[in-house]
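Taking it in order: structure first as structure tokens, then the write-up.
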Amino acid sequence: MAGPHAAGVAALIVSRYGSAGAQKKMSSGRVAALLGQTADPQACPNAPPAGYLAFTGVNSGAEQECQGGSGHNSWYGTGQVDALNAVTK
């Protein structure tokens, strides 16, 4: 469900800082940058969610592990979108 939340915050960013007119049009790259810069970092969890260990890698058969730091990792990406921070930055 992260996709719909990120899309909603992206729409808020465009409504706040951009417009349909050519003078204030925002590029998709700028919207993505603002989403990433204003996201709340999420560290890898200490323990996987209940039942998660039943899912293994398609090719390796190994249990999936979160890799990376709190700034960017394989479970949460750049972090959790923060709508208020995104439109007030």
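The values are calculated or read from the model by the stated rules, or taken from the named source; none is laboratory data. Here the structure is a predicted model, which is why all the values come from computation and not from measurement. Methodologically, a virtual Cβ is constructed for each residue, glycine included, from the backbone with ideal geometry; neighbour enumeration extends over all protein chains shown. Quick note on the areas: whole protein, heavy atoms, side chains included, nothing else; ligands and nucleic acids left out. Shrake-Rupley method; radii C 1.70, N 1.55, O 1.52, S 1.80 Å.
Extension gain, M26 to A7: 0.36 nm times the residue separation minus the Cα-Cα distance gives 5.4 nm. In loop segments of region 7-68 as defined by DSSP, the chymotrypsin sites (Phe, Trp or Tyr not before Pro) with at most 16 further C-beta atoms inside 10 Å of their C-beta are F55. Taking all Cα pairs closer than 8 Å and separated by 6 or more residues, the relative contact order of the chain comes to 35 percent. Using a probe of 1.4 Å on the protein chains alone, the accessible area found for R30 is around 110 Å². Between the Cα long axis of helix 2-17 and the first principal axis of the chain there is an angle of about 20°, rounded to the nearest 10.
Per residue, the chain exposes 70 Å² of solvent-accessible protein surface, assessed with a 1.4 angstrom probe and all protein chains in place. Note on the chain: Cα-only Rg and Dmax are 16.6, 52 Å.
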